[in-house]
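Working notes, beginning with the structure itself.
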């Protein structure tokens, strides 16, 4: 079973600080927590933009995307998140991929 760890207040603040340093702005969505995928830590953001919209977004680490070919997975519930992550491993980004180094 996947272990989802809710971010502490300190981790949420560090996430904001790192985002500002990297992009010059605060993140659009707050950090919810983390989930390990194929030995890598993936951040989970909490868009929670309303009833019919995704509640969570799982972000692939830099240099990777999920096996669906996406760099993030939008999920409507925690059960949806668990199912989508369990069905999608991480794949190294390739040349032409927007996240390729």
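The values are calculated or read from the model by the stated rules, or taken from the named source; none is laboratory data. Here the structure is a predicted model, which is why all the values come from computation and not from measurement. We place every Cβ from the backbone using ideal geometry, glycine too, and count neighbours over all the protein chains shown.
Residues that are over 10 Å from the mean Cα position of the chain (by Cα) and surrounded by 13 or more Cβ atoms within 10 Å (Cβ to Cβ) within the stretch 20-37 comprise 27, 29, 30, 36, 37, listed in sequence order. Could you run through the stretch 6-19 and say how many residues are at pLDDT 95 or above and surrounded by fewer than 16 Cβ atoms within 10 Å (Cβ to Cβ)? The qualifying residues number 9.
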